[in-house]
Amino acid sequence: MNYLDFGNIKAMINKGKTIEQFLGFTKGANFTTIRWISLYLDKDEYCLDFHEVFDERKEGGENIYDFSYVEPDDMYGKRMYQTNELETLIDWIFENYSIRRDKFLPFDYLNEELKKV
């Protein structure tokens, strides 16, 4: 897997790259959802979006980025936090989410991550 070295995250985000981390699944009575976060730079602000989509792999879906969002108004993720300092954003993420420093991925690698789960 192409996990990122935590020390390289700032350089990648500053180059306009999006960084993501898979958070896991939630199970409802008749459905399962997939959750992840994405970090990126938008107009000089570091941003964190939360994504939650229905797990449509059993219905033939292959690309997590094409799955239906649980909340239709959040079809590109829900902005959870933004700041001018990446360190402030990182601190906020670790306070509010169960994530690991060694599990960040470049954008578009979540499909590979799901294959392992």
**Request:** Would you calculate the separation in nanometres between label points at T26 and K58, each defined as 7 Å from the Cα along the Cα-to-beta-carbon direction?
**Result:** 1.8 nm
**Prompt:** Between R100 and M80, what length in nm is gained on full extension when 0.36 nm per residue of separation is reduced by their alpha carbon distance?
**Reply:** 5.4 nm
**Asked** Just one of (1) -0.63, -0.79, -0.85, -0.96; (2) -0.33, -0.47, -0.52, -0.64; (3) -0.24, -0.42, -0.50, -0.66 is log10 I(q)/I(0) by the Debye sum over Cα atoms at q = 0.09, 0.12, 0.13, 0.15 Å⁻¹ as worked out from the coordinates here. Which one is it?
**Response** (3)
**Request:** Grab the DSSP H runs of the chain that are 4 residues or longer, score each as -39,500 (n - 2.57), total them, divide by all residues and round the 222 nm result to the nearest 500 deg cm²/dmol.
**Result:** -5500 deg cm²/dmol
**Message:** Take A11 and D66, extend 7 Å from each Cα along the Cα→Cβ direction, and tell me the distance between the two endpoints in nm.
**Reply:** 3.5 nm
**Message:** Please compare each pair in K58/K116; K43/K78; K78/K116; K15/K116 to a cut-off of 22 Å on the Cα-Cα distance and tell me which ones are over it.
**Reply:** K78/K116; K15/K116
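None of the figures in this text is laboratory data; all of them are computed from the coordinates on show. Quick caveat, the model's predicted, so the values are computed rather than measured. Glycine also receives a Cβ, built like all others from the backbone with ideal geometry; neighbour counts cover every protein chain displayed.
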